Ligand SMILES: Cc1cc2nc3c(=O)[nH]c(=O)nc-3n(C[C@H](O)[C@H](O)[C@H](O)COP(=O)(O)OP(=O)(O)OC[C@H]3O[C@@H](n4cnc5c(N)ncnc54)[C@H](O)[C@@H]3O)c2cc1C
């Protein structure tokens, strides 16, 4: 079996790598990261950068050309995502990964024509409105309601953990349209224009040092035309969309970056000959390669027209657990120097290792935590009882 990319795919990787290296200069890193948000990319820069990605043709490479896509295999999207993560570039999020993939799979022709070309041009940011204060792992418990009224639905409720809602033009929203029992029925999916009257966004700080959001909908009108899939049958749309989400989150560029960073540090410190460290780095390198292969396995299933399910949970679990191993190894290697911030004498990597250790805690919860993901693999993959 040949695991290598084709010559054309290698050339594409080189092209994306050159593009990102040229764009994300040291000066850009210095000026466009927000120190008040733990060095996250600034909002306006992220939006402008996404438009550049669109202009370069990098968004939606695997979608049909009719909807502004590149008409190529999904493997190109994975290569692009891997390079974006490796370069820690801004803009690789739900707006250009799983929301458009879910729209392609479940949207009407009119919805695809309305949104996909704009997404491909990098013009739109999205937030995903699934979670609520009492609906996280048990998502079907959601309470936000959408009530039909003429040719609209009227949405009222609260969403929690609303990543980047403050910069979103649209929300991919789950709301209850039918009876509460059985609770997986009676849920529908909507596209909500964030400029609609009745939407309020709250901010709150996180342990990672950046701001998160909660969104309140007070009698927000959503046209019928923005219902995705059938009324009361949104659960299957959500499940399909979550598989796309996990596939996107499994992109392996982060762990490749973490490996190269630790290797460079060990080399700089003259510690590459240290047998204990060498053994640890070799184990991590093996894990990173495993995560990379899992991600490309998912890409190749998509490229062959399949809809991987539990496989996406395996890939995302493998990537995120590997990233956590790197986080811990980084702290251990840097020892007492790990918590030092940029500019302090002895500081390494702008204090990123410690910041990422806190940041990546969310890997254990978001998009189905480690426990939930294992449950999916056990139930759907291995056929074990619930
Ligand atoms: C940084 C971050 C960003 C997020 N972004 C978004 C977003 O943009 N949009 C959105 O809709 N949501 C978002 N979420 C929400 C995320 O999907 C939820 O955190 C997740 O679904 C878990 O829900 P919960 O936090 O309420 O934890 P709970 O559901 O209360 O779970 C608590 C713990 O119990 C475990 N647990 C729960 N049920 C079971 C079970 N049946 N078996 C075994 N273990 C179980 C969980 O794994 C977890 O460890 C985000 C979360 C974070 C942390």
Those helices (runs of 4 or more DSSP H) lying entirely in the stretch 20-137 with at least 3 residues touching a helix residue (DSSP H, G or I) at 6+ places or on another chain (Cβ under 8 Å) and more than 16 Å from the ligand (Cβ to nearest atom): 43-55, 74-86, 98-106, 109-120
Number of the exception - residue 151 against (1) crowded, with 20+ Cβ neighbours inside 10 Å; (2) over 18 Å from the mean Cα position of the chain (by Cα); (3) at pLDDT 95 or above: (1)
For residue 207: the one exception among (1) assigned by TED's automatic domain parsing to the domain that holds residue 161; (2) modelled with pLDDT of 95 or more: (2)
Residue 246, sole failed condition from (1) within 30 Å of residue 17 (Cβ to Cβ); (2) more than 20 Å from the chain's Cα centre (by Cα): (2)
Helices (runs of 4 or more DSSP H) wholly inside the stretch 209-306 containing at least 1 residues that are touching a residue at least 60 places away in the same chain (Cβ under 8 Å) and touching a strand residue (DSSP E or B) at 6+ places or on another chain (Cβ under 6 Å): 234-249
Criterion violated by residue 114 - all others in (1) under 21 Å from residue 315 (Cβ atoms); (2) not assigned by TED's automatic domain parsing to the domain that holds residue 41 satisfied: (1)
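The values are calculated or read from the model by the stated rules, or taken from the named source; none is laboratory data. Computed from a predicted structure; not experimentally measured. FYI the Cβ positions are ideal-geometry reconstructions off the backbone, even for glycines, and counts take in every protein chain you see.
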